[in-house]
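Accompanying notes for the structure given below.
The values are calculated or read from the model by the stated rules, or taken from the named source; none is laboratory data. Worth saying up front: this structure is predicted, and the values here are computed from it rather than measured. Cβ placement follows ideal geometry from the backbone for every residue including glycine, while neighbour counts extend to all protein chains displayed. Side chains are part of the model used for accessible areas, which takes the heavy atoms of the whole protein and leaves out ligands, DNA and RNA. Shrake-Rupley method; radii C 1.70, N 1.55, O 1.52, S 1.80 Å.
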Amino acid sequence: MQSRQSDLSFMQMALELASRATIATSPNPKVGCVIVNNGIVIGRGWTQPVGQAHAEVQALRDAAAQGHEVSGATAYVTLEPCSHYGSTPPCANALIDAGIVRVLAAVQDANPQVSGRGLAMLSDAGIAVECGLLAEQAREMNLGFFKRMETGKPWVRMKVAASLDGRTALPNGHSQWITAPEARQDGHVWRARADAILTGIGTVLADDPQMSVRGVDVPRQPKKIVLDSHLRISPSARLLQESGATVVCACADVGKQYLLEQAGAEVLCLPDSTGKVNLTELMLELGRRQINELHVEAGAKLNGALIEQGCVDELLIYLAPKLLGNGAGLFDLPELATVDQAKKVVFHEVTQIGETLRILVRFH
C-alpha cells in the first residue's frame, strides 16, 4: 500500500498528464492516469482526441509497451473511469480485465451516464476504490465539462484587454495595441483551449476580426459565433472565410440568411421578447452542441448584457500599465443607486505576463 504522501505525488503526476490534453479532447474531459506497482510508475497516459483511447487505456498500453506487468498494480486517475460504451469501450472494464487491484480517482464523473457507476463497477469486481484525492484541482481542470454536465450550459470566460484606468479604446475607436505582444500571445493560448469564440456584430463591423487562434499549434480551431440581431454582417466578413461561423440573430430575413449560408455560415434565430438574441437560450443551445468552454471577445455593450443576464462565469482581464483617459470602457452595465448593488466577484488568479497583468476574476 502506498503512503498518503506517495498517493498525492502520483495523483499530481496524473493531473500534469491530464493538462497535456487541454486543447485536444473536447467535448470529452481531460484525464490523466498513472499506473504504479511497488512504488514505481510503470504506465502513463492522458485522454486522446475524440474516438481514440482514454487515459486509462493509454496508461495500460504504455505499461505493456515497456514490458511491465500491471496485474496487482494501482491506478491513479483524475476522473472516475467511464462505465459506458461511447466512442470507446468502458475504461472501468479495461482496468478490471488488466488485474488492477486499487484505483484512486480524484473526482466523480458528472456525466449522468457514468456518475458513480464506474466506481461501483470497480468495487463490485473486488478492486479497492478511493475517490476525492485532489478533487478540487481535478474539477478545475475540467470546469467546462462539469458546468455543462450540471447545468446544460458551457463555462463562459470573457476576455478583455484594457489600460490601467479601464479603457479598451480611445474615443476615436483606436485600440491597437493597448497590451504588449506577450499578453496578446497569451490571449491566443486561452482562445485555443475554448471550444467556441463568441463576439458581437459591433466588433465585427468595427474591426473585421478573424477570431481564430494564431501562434499556437492547435489540432482544431474553435467554432466562431457572432451575435447579430438584425443580420448586419457581410458575407465577406473575415471570420466567415476560414471555416464559416454561426450567426445568431433575432429576426428572420430569408434573403440575408441565404447569402450568409452561401458564404458557409449557419444562421440561428433565437429571439427574446424584446427583439434581441435570447442569451439564456443561446447558452443552453451551445450546451446541447457540447460546447464546454465558451470564450467571449466582444465590446462593452454585449459584455454588459452577458454579465447582467448571468451568463458569465469568469473574466480574463489583461491590464496594461497605461492611462488612456477618456475612452471606451469594459462593460456597459446599468447605473446603480448604491454600492451595495454592485455585482460581487472573486479574484481567482493574478499573473504578470511581460509588462501586463493577467487577472482571472470569477462571479459568485
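Numbers for the structure displayed
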{"read-out": "Residue within the stretch 271-280 that is at pLDDT 95 or above, under 20 Å from PRO222 (Cα atoms) and touching a helix residue (DSSP H, G or I) at 6+ places or on another chain (Cβ under 7 Å) present", "value": "yes"}
{"read-out": "Conditions (1) closer than 28 Å to THR25 by Cα; (2) among the aliphatic types (A, V, I, L, M); (3) touching a helix residue (DSSP H, G or I) at 6+ places or on another chain (Cβ under 8 Å); (4) at pLDDT 95 or above; number of the one not met by ILE353", "value": "(4)"}
{"read-out": "Residues satisfying the stated conditions in the stretch 45-67, i.e. of a type outside the set (D, E, K, R) and under 13 Å from ILE100 (Cα atoms)", "value": "VAL57, ALA59, LEU60, ALA63"}
{"read-out": "Exclusive hit being open to solvent by less than 60 Å² (accessible area, probe 1.4 Å), of a type outside the set (Lys, Arg) and in contact with an Asp or Glu (Cβ under 8 Å, 6 or more places away or on another chain), set VAL204, VAL216", "value": "VAL204"}
{"read-out": "Check on ILE178, over 24 Å from GLY325 (Cβ atoms), β-branched (Val, Ile, Thr) and open to solvent by less than 40 Å² (accessible area, probe 1.4 Å)", "value": "no"}
{"read-out": "Conditions (1) assigned to a helix (DSSP H, G or I); (2) buried (at least 20 other Cβ atoms within 10 Å of the Cβ); (3) of a type in the set (Val, Ile, Thr); number of the one not met by ILE96", "value": "(2)"}
{"read-out": "Lone unmet requirement of (1) of a type outside the set (S, T, N, Q); (2) outside any loop (DSSP other than H, G, I, E, B); (3) touching a residue at least 60 places away in the same chain (Cβ under 8 Å); (4) over 16 Å from THR246 (Cβ atoms) for PHE347", "value": "(3)"}
{"read-out": "Any hit, the stretch 60-79, residues being under 23 Å from GLY287 (Cα atoms), surrounded by fewer than 24 Cβ atoms within 10 Å (Cβ to Cβ), under 29 Å from the mean Cα position of the chain (by Cα) and not charged (D, E, K, R)", "value": "no"}
{"read-out": "ILE225 being touching a residue at least 24 places away in the same chain (Cβ under 8 Å), outside any loop (DSSP other than H, G, I, E, B) and farther than 30 Å from LEU104 by Cβ", "value": "yes"}
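So that you can scan it fast, the table gives a plain yes or no per residue for (1) part of a helix (DSSP H, G or I); (2) open to solvent by less than 10 Å² (accessible area, probe 1.4 Å):
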position: GLY264; (1), (2): no, no
position: VAL267; (1), (2): no, no
position: GLY275; (1), (2): no, no
position: LEU282; (1), (2): yes, yes
position: GLN290; (1), (2): no, no
position: HIS295; (1), (2): no, yes
position: ALA298; (1), (2): no, no
position: LEU302; (1), (2): yes, no
position: ALA305; (1), (2): yes, no
